[in-house]
Amino acid sequence: LSPTIATSVPRGGFAWVTKKLRDEKIVSVPLCATNRINAPTTAESILSSGSADLVSMARPFLADPDIVKKSREGREDEINTCIACNQACLDHAFVGKTASCLVNPRACHETEITIEPDSIPADRKLNIGVIGSGPAGMAFAS
């Protein structure tokens, strides 16, 4: 895998490249910053600082297809953030499998996995106990 897409790369870690190209007027075309821009706040920071003319975000839309809507509505705390693990998106794509997302298993399977509110009859619902207070346990319990 390319090291430019791993979790260890800081968010927006390569925006300095487009900023340098813009500041030094090396090119005269619009420049797009990319790689590890996985939050609207990161994208906005890059754009407002003049580091790029536009940003590219791909994996964040697998993690949360409503990322733009939630940001526009001020619901950033509800965004399911891409963690750049590459395990279900890029690793799958590189071997010819359907891409998906570890933080959003419905990604690329929207027609196969449907979840509708109150889709389970009351007599089939289960009481479930959550063990563990890590991020996944807390998100599930809420």
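The values are calculated or read from the model by the stated rules, or taken from the named source; none is laboratory data. Because the structure is a prediction, the values reported are computed rather than measured. Quick reminder, even Gly has a Cβ in these numbers, built from the backbone with ideal geometry, and neighbours come from all protein chains shown. Protein only, heavy atoms only, side chains kept; ligands, DNA and RNA dropped before computing areas. Shrake-Rupley method; radii C 1.70, N 1.55, O 1.52, S 1.80 Å.
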| request: List, in order, the whole-Hz ³J(HN,Hα) value for each residue of the range 127-142 obtained from phi through the Karplus relation with A = 6.51, B = -1.76, C = 1.60 and θ = phi - 60°; use x for Gly and Pro. | output: 8, 10, x, 9, 10, x, 10, x, x, 5, x, 5, 5, 5, 5, 7
| remark: Computed over the chain, the relative contact order (Cα-Cα under 8 Å, seq sep at least six) in percent reads 16
| note | Largest fluctuation, PRO117, PRO60, PRO30 only, Gaussian network model of the chain with Cα springs under 10 angstrom, belongs to PRO117
| said: Rounded to the nearest percent, how much of the accessible area of the chain (1.4 Å probe, protein heavy atoms only) is carbon and sulfur? | reply: 57
| query | Within a Cβ distance under 11 Å of ARG75, other residues only, what is the Lys/Arg minus Asp/Glu net charge? | reply | -3
| query | Hey, what D do you get for the range 67-108 in µm²/s if you plug the Kirkwood alpha-carbon radius into Stokes-Einstein at 4 °C and 1.567 mPa s? | reply | 115
| query | For labels at ASP118 and ALA93 in the simple 7 Å Cα→Cβ model, what's the distance in nm? | reply | 3.9
| Partners for LYS19 among aspartates and glutamates (Cα-Cα distance below 16 Å; same-chain residues under 8 apart left out) | GLU44, ASP53
| request: Using label points projected 7 Å from each Cα along Cα→Cβ, tell me how many nm separate LYS70 and ALA139, to one decimal. | output: 0.8
| field | Taking only Cα atoms of the chain, radius of gyration then Dmax in Å | value | 18.6, 67
| query | Can you work out the FRET efficiency for the pair GLU44 and ILE83, with r the C-beta to C-beta distance and R0 = 22 Å, to the nearest 0.05? | reply | 0.60
| query | In whole Å, what three semi-axes, largest first, describe the equivalent ellipsoid of the range 13-65 built from its Cα gyration tensor (square root of 5 times each eigenvalue)? | reply | 22, 10, 8
| field | Accessible solvent surface per residue of the chain, calculated while the other protein chains remain in place, 1.4 angstrom probe, Å² | value | 68
